[in-house]
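One structure is given below, encoded as structure tokens.
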Amino acid sequence: KLEAVIFDLDGVITDTAEYHYLAWKALADELGIPFTREFNENLKGVSRMDSLNLLLGQAASPLSLTEEEMVQLADRKNGLYQELIEQITPADLLPGIPEFVADIKQNGIKVGLASASKNALFVVKRLEAEHYFDVIVDVTTLKRNKPDPEIFLTAAALLGVEPGNCIGVEDAASGVDAIKGADMFAVAVGLESLFPHADVVLPDTSRLNLNDLIKQFAG
Ligand code: B16
Ligand code: MG
């Protein structure tokens, strides 16, 4: 029986995935490293430092950077990202999200947030969506990044529910793998071809429907 729905933030609750892309793209341009939207898919759900390493791997000739230079680059990306998310308002909730969350809560099902972002709480506050979530996992308390299931397992434990009774909602392949690794039902939002491991793939958030998902979950 469904006890909780656990959401990713960036790209599911709001389109901050676009802001992450724009900030990485600006950094890549400065460094003269090619960076496409297609390659950006690999960064979704991936931590800041791991993302930087993936981006640097795209350089035509390998850059030899010190630890300190790496941290400076990551900080610069984060600064650009933080400028972009200052502008977020509740109007930036993705289509269907307020209705979907309201429906979940009305049915006595719990709601969790499992975002890999250290900026997650700031974004949730800008969206005025704190009240959506019974639990928001603090990513700084975790040992392992997505695709490791730790973040989804932590959300379930904090909610006091069985992982097998949870649905996870993600926009990243790494996140879907984290959900499946946690033994949860995985709903992906985006292009079907990007999510071979998801249980259900929906083209966008406006298609999230609790009744449909409960049927598929039970099916
Ligand atoms: P930060 P999510 C993830 O958030 C993003 O998808 C990913 O692009 C980003 O690098 C990561 O958070 C870390 O974010 O630099 O703000 O700590 O999709 O798990 O909500
Ligand atoms: Mg995401």
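Only the coordinates and a few stated rules stand behind these numbers; no lab work does. As the structure is a computational prediction, the values presented were derived from the model and not from experiment. No Cβ is skipped: glycine too gets one built from the backbone with ideal geometry, and neighbour counts run over all protein chains shown.
One table, with the values for the structure above:
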quantity	calculated
Selection of GluC sites (Glu not before Pro), the stretch 49-144, meeting DSSP coil and at most 15 other Cβ within 10 Å	86, 128
Volume of the Cα convex hull of the chain, divided per residue and given in Å³	114 Å³
Top positive-direction residue, dipole computed over the chain with Cβ charges, set 108, 200, 136	108
Most to least packed among 166-179, 7-20, 47-60 [average Cβ atoms within 10 Å]	166-179, 7-20, 47-60
Pairwise Lys count, the stretch 5-140 - Cα closer than 28 Å, eight or more residues apart or different chains	15
Antiparallel DSSP beta bridges within the chain, as percent of all bridges there, nearest 5	5 percent
Rg(Cα) / (2.2 N^0.38 Å) computed for the stretch 79-182, rounded to two decimals	1.08
